[in-house]
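Input: a single structure, listed below in structure tokens.
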């Protein structure tokens, strides 16, 4: 082996040895600096595949619960109210010539023998039975016994919008509850928000007047208390499941980017989603940049990571559009820049001939 080759080998070996020693020392410094504040948050993964899986898991869990409620017994649902185009079978006990089947007109009436026009739209079956019995009892029958049965429900059209499996207009010939409507629409989609908005037209139980109803429900409340939260959709119902909001995380975190915002999103939870704080992050000064929706002016909220980590009650709920900025600690940033520069020089010096 020539002298020139031996010199090159010695130089490469020396460079490799120096690189190894430097990396060991640098690892020790990093461990000493970061050990007192190791909370486990920085070890959480924030890769896109994991975040997508987490979102899908929530949607899958909600949809499974919706399906269970739709096919199971969710408790009593308010009585159905008769409407235009329904078919009614009216039976008067002992008087077959007064018994017949009627189609409710667009104005909500039926034409019955002897008593003529009777408005039944907006009434429950029991209320319609009592009304018809009263009409016959006034002049024609003594203590009449009337039975009303809905043999064909009117064709109901309702619209499902937003983050659901199949947003479109649906038609049904029977009453449909909110839970069932969401299930038939394929359930909520990934990225759906926490709320469901319903607008429909229903009859006032006292006056029979058609009124517009607007309801805002939290999805979790609907699942936890279907007996009280679930209800039959009224006429021309529109069900909207808006997408959830978004928050932005930038700076020294594992995976800076855009994350879905919900009612439970806070500084701590979004940091965990973003892969946690890096070693060089300035943990004593997290900055939350927020824009006022009314004045459109920006404000900055400064918070210590240790303060909210050690006192969860100090954690800050995040709103749609919030930006969480994690700056670099100057000293650690300088160490990191120096380490990278030296590492680059060592790598160049150790490059084989």
- Given (1) buried (at least 20 other Cβ atoms within 10 Å of the Cβ); (2) over 20 Å from the mean Cα position of the chain (by Cα), residue 290 misses just (1)
- Note on the structure: Flagged in the stretch 295-332 as buried (at least 17 other Cβ atoms within 10 Å of the Cβ) and free of Cβ contacts under 8 Å to residues at least 40 places away in the same chain, in numbering order, are 303, 305
- Does the stretch 210-221 hold any residues that are over 24 Å from residue 62 (Cα atoms) and touching a residue at least 40 places away in the same chain (Cβ under 8 Å), and which are they? 210
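Wholly within the stretch 100-180, which strands (runs of 3 or more DSSP E) include no fewer than the required count, namely at least 2 residues that are more than 45 Å from the chain's Cα centre (by Cα) and exposed (fewer than 14 other Cβ atoms within 10 Å of the Cβ)?
Fully inside the stretch 100-180 and qualifying: 116-119.
Laboratory data are not the source of any read-out in this text; all were calculated from the coordinates shown. Everything numeric in this text was worked out from a predicted model, so none of it was measured. Note: ideal-geometry Cβ built from the backbone for every residue, glycine included; neighbour counts use all protein chains shown.
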